[in-house]
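One structure is given below, encoded as structure tokens.
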Ligand SMILES: Nc1ncnc2c1ncn2[C@@H]1O[C@H](COP(=O)(O)OP(=O)(O)OP(=O)(O)O)[C@@H](O)[C@H]1O
Ligand SMILES: [Mg+2]
């Protein structure tokens, strides 16, 4: 009924604008913002990536595809890229496992005010400055650091367990920073699962691991996937954590690209590497989204 | 197949007692309704039998087996929920097959069992659909097939039909009863709808504030309620309170109401319950009890007529009549109500 009534009333009013005008007007701010914040900077960078050198000074600018051959011309980049992707993979995996379990604990074992407090505590890393967060990990992980001291206190005879300046240290720092995303997306997916569904599974004879693998994980898959995207993409572009926690081993695509912009002053190469990374990431997700969709029976 | 019994069960949530000393037997093959108002502990009792809630004391046995310490997944129960609780990411057929897989039944054998179960609920062609593409009634039938396919020892239902509209609910009641009769499955059905309880059950247990106040066949409870609560909750009732005298009850206005039931000693207070449809505005053979009353309100409901009345001393009464010839008594009319002593049932307050 209400659907019918609206056009009737609209036709009675003498001067009603056509619908596309109001639609456009409503969408304009959103698209305007997207253009300014996303499209224009990306386009500029995309243009840079084809230039022979950074467009500053008087020298004439030529357009070239040379920077997109970087992986062929400088084969060491392939190793760095592989390491970066592995770092992204481990971080995402660790975040997925920890985040899912934390979200599950929040949803199934807490309620009311306690749950809200815990959620806020989980979000705390978001509100701390990234640099402070990462540097505090150097205090914990370095030789004679917090962790090492505790270890010496427990087992005085054993060697040092300091892991600062290693891949593990980078992953720890990254997991710390990006875990809240995963917890939140998984929490949102899990909190919508009706208790009765889990009880129904139990009544049919399902034990906890069947409930976990056949009910909870498939139903939370959208949350896990969006959490993985939100983690993986920024992680493979990160440069602060690899630099501070990785030291010499912390050379990643993120740091290489950052170097091009800040140290080498080769913006076109930095831009082209960024776009290559973007293309690889999108290819990975395109592959996975197909697999995941088939895996969850077409519900995602 | 299996008798279910609950002995001496009590449960509190925090400091609030929810169930006290529940003793109940659900004989093999019977359909029992747990009937009671909201908050009386019906769901809690059902969940104790299912194993979702551990009782503070007492035992639950299913068949010969004491299952008090056995978790839900080991109890072999069929359960139906008000919210259907189908697995939204699985097709109808996989939903039904879920319990079979847990029992190691796979392949052709499972397929056959699933097909039979879906056939039983008339959804043979729906195996490949997703639950969200089914109507509420269809979803509930899938839930029934899923619960029945594992051949449970007992079927537990917590208000499974209350989300359906009236028509569909009646259809599902018939369906449920047919399947229950066919399989001879011990069934425990929680409801707060007395009509549903009366239509479906072999036995009814009435719960009030965490106690079973009366249990038995529907007609036994209806014809012989033992407490005022049972008389009011299952059907409607009129109550007349007075003092026991000479095998009857003397009302404050001096009328002596006779009853065939045995009463307390003379001089004690007693309450009699009289069903509104057992009273008549015209004298009947053997209807030796009578009180005068004035009609306050007439409620016309098609096939049935209800009258709200008031006696001279202010007691409110109800009268139900079949609409036989379409003539109504008027508001304000003074009439005399007649009924037989056999229909005056003494009840505890
Ligand atoms: N998990 C729980 N924690 C605390 N109190 C509870 C819990 N479950 C039930 N209760 C309380 O126990 C009492 C009985 O609840 P129950 O759900 O068994 O009632 P019910 O008879 O099924 O009512 P309804 O008809 O409304 O479903 C209620 O007062 C309820 O608030
Ligand atoms: Mg309930």
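Tabulated data
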item: Per-residue Cβ neighbour rank within 10 angstrom, fewest leading, B:89, B:122, B:290, B:343; result: B:122, B:290, B:343, B:89
item: Those residues of region B:310-344 whose amide nitrogen sits under 15 Å from the label point placed on residue B:290, 7 Å along Cα→Cβ; result: B:334-341
item: Principal-axis tilt of helix B:136-148 within chain B, Cα atoms, nearest 10 degrees; result: 70 degrees
item: Calculated [θ] (222 nm, deg cm²/dmol) that DSSP helices of n ≥ 4 give over chain A, each run adding -39,500 (n - 2.57); result: -23000 deg cm²/dmol
item: Separation between Cα centres of region B:188-209 and region A:172-244, rounded to whole Å; result: 42 Å
item: Packing-based exposure ordering (other Cβ within 10 Å, fewest first) of A:163, A:183, A:215; result: A:163, A:215, A:183
item: Chain B - mean residue ellipticity at 222 nm from DSSP helices (-39,500 (n - 2.57) per run, n ≥ 4, rounded to 500); result: -7000 deg cm²/dmol
item: Relative contact order, percent, region A:183-300 [alpha-carbon distance under 8 Å, six or more residues apart]; result: 19 percent
item: Antiparallel %, DSSP beta bridges [both residues in chain B], to 5; result: 75 percent
item: Rounded tilt (10° steps) of B:107-120 against the dominant C-alpha axis of chain B; result: 20 degrees
item: Pair residue A:263, residue A:31: separation of 7 Å Cα→Cβ label points (nm); result: 4.4 nm
item: Degrees separating the helix B:166-183 axis from the principal Cα axis of chain B, which is the longest one; result: 70 degrees
item: Per-residue average of Cβ from other chains inside 10 Å of A:207-213; result: 2
item: Relative exposure of A:85, A:42, A:34, judged by other C-beta atoms within 10 Å (fewest first); result: A:34, A:42, A:85
item: Square roots of 5 times each gyration tensor eigenvalue, C-alpha, region A:50-127, largest first, Å; result: 48, 19, 8
item: Contact order normalised by residue count of region A:49-174, Cα under 8 Å, 6+ apart, percent; result: 16 percent
item: The protein assembly as shown - share of DSSP beta bridges that are antiparallel (%, nearest 5); result: 75 percent
item: Relative contact order (percent, whole number), chain B, Cα cutoff 8 Å, 6+ residue spacing; result: 16 percent
item: Nitroxide proxy distance, nm - points 7 Å out along Cα→Cβ at residue A:123 and residue A:44; result: 3.2 nm
item: Chain A: most fluctuating residue of A:232, A:39, A:146 per GNM, C-alpha cutoff 10 Å; result: A:39
item: Shielding by other protein chains, B:150-159, mean Cβ within 10 Å; result: 1
item: GNM flexibility winner over chain A from A:133, A:167, A:114 (Cα, springs under 10 Å); result: A:114
item: Rounded FRET efficiency, nearest 0.05, which uses the C-beta distance separating residue A:24 from residue A:65 and R0 of 30 Å; result: 0.20
item: Within region B:93-116: backbone nitrogen closer than 17 Å to the residue B:163 label point (7 Å, Cα to C-beta); result: B:95-96
item: Quarter of the Cα convex hull surface for the protein assembly as shown, i.e. its orientation-mean projected area (nm²); result: 49.1 nm²
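Throughout, read-outs are computed from the coordinates displayed, never taken from laboratory work. Owing to the predicted nature of the structure, the values given are computational and were not obtained by experimental measurement. All Cβ positions, glycine included, derive from the backbone under ideal geometry; neighbour counts span all protein chains shown.
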